[in-house]
Structures are given as C-alpha cells and as structure tokens.
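Let me begin by presenting the structure, written as structure tokens, before commenting on it.
The values are calculated or read from the model by the stated rules, or taken from the named source; none is laboratory data. Keep in mind that what you see is a predicted model, and the values were worked out from it rather than measured. Cβ sites come from the backbone with ideal geometry, for glycine too, and all protein chains shown count toward neighbours. We work out accessible area using only protein heavy atoms, side chains counted, and drop any ligands, DNA or RNA first. Shrake-Rupley method; radii C 1.70, N 1.55, O 1.52, S 1.80 Å.
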Amino acid sequence: MHPTFSVIFLTTLIGVGQGLFLALFTQQSYSAANLLPSQGSDFYVTGSLLALAFLVGGLIAAVGHLGKPSYMFTRAWRGITQWRTSWLSRELILMPLVMGLVFLYGAFHYFGWEIRFLDYNLANQLTLLLGTITTAAVFGLFIATAMIYASIKFLQEWACALTVVNYTLLGGASGFTLAAAYAAYAAPELVGFYVGWAIILTIAALISRGGSLIRNARIKHKSTVQTAIGVRHPQIQQKSMGMMGGSYNTREYFHGATAAFLKSVKWIFLVLVFPVPVLLLWLGMDGGKGLLVAAFVIQYIGLVFERWFFFAQANHPQNLYYQTV
Amino acid sequence: MTQLALVIDLNVCVGCHACVTSCKQWNTSGQAGPMFDDNPYGKDPTGTFFNRVQTYEIGSYPNTETLHFPKSCLHCEDAPCVPVCPTGASHKRAEDGIVLVDYDKCIGCKYCSWACPYGAREFDEQQKVMKKCTLCVDRIYDQSLDERDRKPACVLACPTSARLYGDVHDPDSEVSVAIRERGGYQLMPEWGTKPANHYLPRRKTQINIHDDELTRVDNPLKKEDIRHETSKDVSLDDWLM
C-alpha cells in the first residue's frame with residue numbers, strides 16, 4: 001500500500017494521546033489504592049490537556065485523509081451511521097467520544113467535582129468512575145483503529161490479531177514514555193513508576209511487533225495471477241495493464257520505494273522505537289528531563305517510520321493486475 | 001432476487017478497447033458529472049476509468065497464447081467494499097444487485113478501494129470521491145431508449161459480442177446459460193466475495209480428424225479410380241469377343 005502521512009500521523013498521534021491518558025489514570029488508580037503518592041488536580045488537568053492536544057492533532061491529521069477538508073463539516077457526520085458493519089465508522093464514533101471523555105476527566109479534576117457513589121472513604125470517586133469509562137473507550141479506540149486494517153482479510157500482512165496488539169502496545173508505550181517525561185517536570189516522584197511501565201510496554205511491543213515482522217516475512221499470499229485472471233497455467237505474464245499513463249490503481253497500492261529503502265526503514269524503526277528509548281528511559285530513571293523528553297521524541301519519530309513500514313509492507317492483491325505498463 | 005451482471009467471453013475478446021472508450025464516453029457525459037482526466041493530451045496523462053482491458057501472455061515462446069482480459073467492477077454478491085464504508089455511500093442495491101457509490105455521501109477516505117481485492121474502484125481526483133462501474137444504471141432503466149439499447153455501454157460497443165449482460169440469478173437467462181454451458185468462472189474465488197460477473201474461458205475449437213476419415217479405404221469412388229495395369233494374358237473377355 002502507499003503510505004499516507006495523514007493516516008501515519010493520525011494513528012501515531014492518537015496512540016500517544018490514548019497512552020498518556022492511560023498513564024494518568026493508572027497513576028490515579030494506584031494512588032486511590034495508596035500504592036503511589038496522590039497528586040494534586042494540576043497534575044491531571046495539565047496531563048489531560050496534553051493528551052487532548054495529541055488527540056486533536058490526530059484529528060487534524062485525519063482531516064487530511066478526507067477527499068476534501070470541507071467534507072469534515074458537510075459529510076463526515078454520516079460516518080457515525082454504519083457502526084454495525086464498519087470499523088472505520090466505529091473509530092469515527094470512538095474518537096470524539098474519547099476526546100470528550102478526556103476533556104471531562106480534566107475538567108472534573110480542575111473543578112474538583114465530587115460525587116460519593118461508594119460509602120467508604122475514597123477520594124475522587126467521580127473522576128475514578130469517569131476514568132474507568134474513558135479507559136474502556138480508549139481500549140475500544142485502539143481496537144477500532146487496528147481493526148480497520150486487520151479486518152481486510154486479503155491484506156494478509158494486516159489480517160492478524162497481532163495488528164491489534166501492536167497498535168495497543170505501541171500507543172501505550174509512547175504514551176507512558178511521554179508520561180515519564182511529563183512527570184519529570186510535574187511530579188518527579190512518579191518518574192520511576194512511569195519509566196518502569198514505559199520500558200515494560202516498549203519491550204512487550206517489541207515482542208509483538210517482532211512477531212508480526214517474522215509472520216509477515218514468511219507469509220504466503222493466497223492470490224496469484226492464476227486466480228486473478230482464472231487461467232490455470234503455471235506461466236502467465238502480464239503484457240499490458242490497459243493504460244500507459246498510470247492511474248489510481250498504480251498510485252494508491254504501491255509504495256514506490258526500493259526494497260533496500262523498505263529494509264532500511266524497518267531497521268530504522270526497530271532501533272528508534274525500541275532500544276534507544278529504553279536506554280534513554282533507563283538513564284533518565286532518576287529524573288533527567290532532557291533524557292526523558294529525548295526518549296519520547298525519538299520513540300515518536302521511530303513510530304512514524306514504523307507506521308510507514310506497516311503500510312508499505314502490505315501487499316494488495318489488486319497489484320497482480322498492475323505489473324507491467 | 002435479481003443480480004444483474006456481465007459475462008465476459010475471453011474466447012472472443014480481441015482486446016480492441018471499444019468497451020473502455022464507450023464506457024468512458026457514456027459515463028463522463030452522465031448525470032454524475034464528468035470523470036476526471038488530467039493532462040489527457042500531455043506528457044503524463046491519467047484519469048478515472050471504470051473499465052480496462054489488460055493483456056496477458058500465457059505459456060512460454062513459441063507456445064504462447066495471448067489473453068485479452070477486460071476488468072471492471074464485478075458487482076460481488078458479498079461485496080467487501082460495502083460493509084467497510086463508514087458513511088453508507090457505498091451500497092449494494094437490493095432490487096438488482098448493482099454495487100454503487102452515492103457521490104453525495106462519499107467522504108473520499110478510500111477505505112472501500114482498499115477493501116476491494118480486484119482494484120475495481122478508482123478515486124476521482126477532481127470531485128474527490130470514489131467512483132466505480134455503475135453497470136450503466138442510468139441507461140439500463142431509461143424508458144426513453146429503445147429496449148435493445150437498455151444495456152451497459154460496454155456491452156453495446158463490443159464488436160465481437162464478448163460481453164453478455166443479464167440476470168445471473170435467472171437460470172434461463174442468456175448469461176446463466178452461458179455460465180452453465182461454457183464453463184463460466186469467477187475471479188479470486190479464494191476470498192469468498194462471490195463476484196456476479198463471470199468470465200468464459202478461452203477454448204480451442206478443434207476436432208480430431210484421422211487420416212482414414214479423409215481418405216476412406218473403402219471409398220467406392222476411389223475404388224473405381226484405381227487403374228490397374230492391363231494384363232497381357234488372354235482374358236475371358238478376349239476369348240468371348
């Protein structure tokens with residue numbers, strides 16, 4: 001497939017935003033159980049705004065994927081109608097929902113609103129409840145985003161449960177890395193907690209992403225030129241694709257890069273997403289702000305490469321019809 | 001349930017591209033507005049087409065065969081492009097099984113084209129919506145046309161009648177008979193899309209003729225024609241005369 005930067009930025013940015021929210025709420029749940037020092041509302045308010053900023057950034061990137069930006073206002077609302085069948089529609093519902101819930105989560109912390117649902121002595125019950133709902137929506141959004149790709153069965157590189165695991169773990173890892181950098185400024189006592197989780201999630205993501213790379217390296221495509229045109233002969237060569245100037249079919253489904261470039265992108269993301277951030281996180285364990293920010297920035301850049309590779313590696317069966325001019 | 005479709009006879013397609021040009025002509029002049037053409041007479045021409053004719057070579061030289069292969073939307077019975085559309089723009093009509101895009105609802109996200117294994121959909125770079133073969137839906141029901149003209153433009157244009165059109169769910173229709181009796185098949189059956197369009201394979205029109213069928217040993221005409229050497233001996237005829 002031809003990697004589109006609107007989708008690359010959409011999926012990576014909302015992944016960071018979702019992961020950062022999960023990091024904030026994980027901390028709040030831990031402190032509710034007295035496992036971590038509790039934080040003032042500022043920590044959650046600024047953190048939610050940061051997460052919201054990444055989600056809005058993803059939304060802006062998504063507009064670039066529409067035919068015209070104006071469709072955002074005139075037509076995109078129809079995107080909520082097909083949730084019964086379309087994972088893209090489900091994503092279109094969940095994305096504003098997550099944004100709204102993250103906004104409310106920050107707002108409730110800001111105003112310090114409180115409703116006591118449970119009798120016993122537990123602070124911040126309203127935000128804990130809201131955070132739980134938001135967490136469910138965040139995981140729903142991870143699944144919906146990944147299922148957009150994993151549900152196309154003939155894009156065999158994508159049609160795999162690992163795609164969903166990768167999206168969730170990579171989003172979570174980048175969000176927790178950002179949370180570590182954020183904590184270095186806002187709450188230094190939490191740096192160790194976030195660094196630990198960021199390293200665990202990054203290594204988990206390495207295992208699942210590595211698994212999908214191994215799977216895709218050995219993939220056997222079901223469709224061949226024989227099934228494409230329905231002629232049972234071992235030797236078939238395309239002589240003409242019916243046009244010489246190129247068309248949508250030759251632009252949208254080919255990445256247009258050399259095999260060597262593809263391979264180098266794979267190694268770039270494998271280095272930038274996993275070992276370098278883990279090393280920087282480990283070095284920044286004692287609160288080195290620059291190191292933790294660098295860990296996040298490098299991991300994010302790596303994720304852009306990772307997503308580019310994710311799209312470029314998928315081989316669409318329609319390419320069987322477009323092999324020779 | 002009606003399922004309108006095309007059946008394409010690869011045995012008689014000569015690869016003239018008449019279906020391509022007639023399709024473009026009809027659909028670019030249609031109600032849905034022109035189909036995008038960029039730089040049509042310039043250096044890198046490109047544009048939106050609903051139908052293409054491709055050419056394949058089967059076998060290795062000198063034992064090769066050329067196959068001209070027209071490809072348009074197959075109007076799958078279980079069309080994978082329809083459920084993925086977030087806005088409902090991409091739909092399959094219940095009454096005749098034609099898969100269509102509502103150009104007023106499409107947001108141009110291109111997801112349906114990713115979900116089509118055949119590459120049948122093309123994005124219109126001018127209107128910024130996805131377009132595809134409509135089976136000339138604006139023509140086949142047009143009561144102002146003669147009944148014989150109520151067929152897709154490509155079918156009418158084909159000089160060798162390689163394109164048959166009709167209801168593949170009616171067992172007695174021309175297309176169903178052709179599929180049944182001439183080995184009609186579907187493309188990429190492995191994905192379970194159940195394309196409505198079928199293709200008829202190339203066939204060798206040959207009969208086995210043995211030498212003795214051309215030259216009968218017991219042919220009486222031949223027998224009379226066999227000239228023997230005349231005998232020098234006295235025969236019964238000589239004696240009688």
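In order along the stretch A:84-93, phi translates into HN-Hα couplings of 5, 10, 10, 5, 5, 5, 4, 5, 5, 7 Hz, rounded to whole numbers, per the Karplus curve 6.51 cos²θ - 1.76 cosθ + 1.60 with θ = phi - 60° and x for Gly and Pro.
Given the DSSP H assignment, sum -39500 (n - 2.57) over each helix run of at least 4 residues in chain B and divide by its residue total; what's the result at 222 nm in deg cm²/dmol, nearest 500? If you can, show how the numbers build up before the last one.
Values: 8 runs with 47 residues, N = 241.
Taken over chain B, the calculation gives -4500 deg cm²/dmol.
When chain A is modelled as a GNM with alpha-carbon springs shorter than 10 Å, which of A:ILE200, A:ILE60, A:ILE219 fluctuates the most? Taking springs between Cα atoms under 10 Å, the residue moving most is A:ILE219.
Let me confirm one metric for peptide B:85-98, namely the mean number of other chain beta-carbon atoms within 10 Å of its residues' beta-carbons. Please report the intermediate quantities before stating the final value.
Values: counts 8, 17, 13, 7, 4, 2, 0, 0, 0, 0, 0, 0, 0, 0.
Taking the mean over all residues of the peptide, I get 4.
Atom-type composition of the exposed protein surface of the stretch A:170-211 places 79 percent of the accessible area on carbon and sulfur (1.4 angstrom probe).
Taking amide H positions as modeled 1.01 Å from N, with prolines and chain starts lacking one, the residues under 5 Å from B:ARG163 and 5 or more places away or on another chain are B:ASP9. Its convex hull of Cα atoms gives the protein assembly as shown a direction-averaged projected area, equal to a quarter of the hull surface, of 41.8 nm².
If the limit is 22 Å between Cα atoms, which of A:LYS222/B:LYS194; A:LYS263/B:LYS110; A:LYS68/A:LYS153; A:LYS263/B:LYS43; A:LYS153/B:LYS128; A:LYS153/B:LYS151 go over it?
Violating the 22 Å Cα-Cα cut-off are A:LYS263/B:LYS110; A:LYS68/A:LYS153; A:LYS263/B:LYS43; A:LYS153/B:LYS128; A:LYS153/B:LYS151.
Ignoring the sites themselves, what is the longest stretch of chain B with no GluC sites (Glu not before Pro) in a DSSP loop and at most 15 other beta-carbon atoms within 10 Å? That gives B:96-228 as the longest site-free run.
Carbon-plus-sulfur fraction of the accessible area of the stretch B:20-156, 1.4 Å probe, in percent? Present the calculation step by step, with values, prior to reporting the outcome.
Numbers: 2640 of 5500 Å².
Carbon-and-sulfur percentage of accessible area, whole number: 48.
Shown in residue order for the stretch A:263-276 are the 3J(HN,Hα) couplings computed by the Karplus curve 6.51 cos²θ - 1.76 cosθ + 1.60 at θ = phi - 60°: 5, 5, 4, 4, 6, 4, 6, 4, 7, 6, 7, 9, x, 5 Hz (x for Gly and Pro). Panel note: contact residues of the stretch B:172-199 (accessible area lowered by at least 50 Å² against the chain on its own; 1.4 Å probe) correspond to B:MET188, B:GLU190, B:TRP191. Look at the stretch A:76-89: the mean tally of other chain Cβ atoms within 10 Å of its residues' Cβ atoms is 6. At a probe radius of 1.4 angstrom, the accessible area of the stretch B:114-225 per residue rounds to 56 square angstrom.
The angle between the Cα long axis of helix A:289-313 and the main principal axis of chain A comes to about 30°, on a 0 to 90 degree scale. Backbone geometry of the stretch A:169-179 corresponds, through the Karplus equation with coefficients 6.51, -1.76 and 1.60 at θ = phi - 60°, to 3J(HN,Hα) couplings of 5, 5, x, x, 4, 5, x, 6, 5, 5, 4 Hz, x marking Gly and Pro. Neighbouring Cβ atoms from other chains, within 10 Å of the Cβ of residues in B:38-46, number 2 on average. Three principal axis extents describe the C-alpha atoms of chain B; from largest down they are 109, 47, 41 Å.
Label point of B:LYS204 set 7 angstrom out along Cα-Cβ; within the stretch B:1-42, amide nitrogens under 20 Å from it belong to B:10-13. Relative to the longest principal axis of the Cα atoms of chain A, the long axis of helix A:41-63 lies at roughly 20 degrees.
At a probe size of 1.4 Å, how large is the accessible area of B:ASP211, to the nearest 10 Å²? My reading of the accessible area for B:ASP211 is about 120 Å².
Taking the Cα centre of the stretch B:155-207 as origin, sum charge times position over the Cβ atoms of Lys and Arg (+1) and Asp and Glu (-1), and report the length of that vector in debye to the nearest 20.
360 debye
Surface analysis of chain A yields an accessible area of 43 Å² per residue, using protein heavy atoms and a 1.4 Å probe. When the surface is traced with a 1.4 Å probe over the full set of protein chains, A:SER31 keeps roughly 20 Å² accessible.
Put simply, chains A and B cover up around 4600 Å² of each other's accessible surface, both sides summed, when a 1.4 Å probe is used.
With K and R counted +1 and D and E -1, the other residues having a Cβ less than 14 Å from that of A:GLN156 yield a net charge of +3.
For B:LYS131, the residues 5 or more places off, or on other chains, whose built amide H falls under 5 Å of its own are B:GLU122, B:PHE123, B:ASP124.
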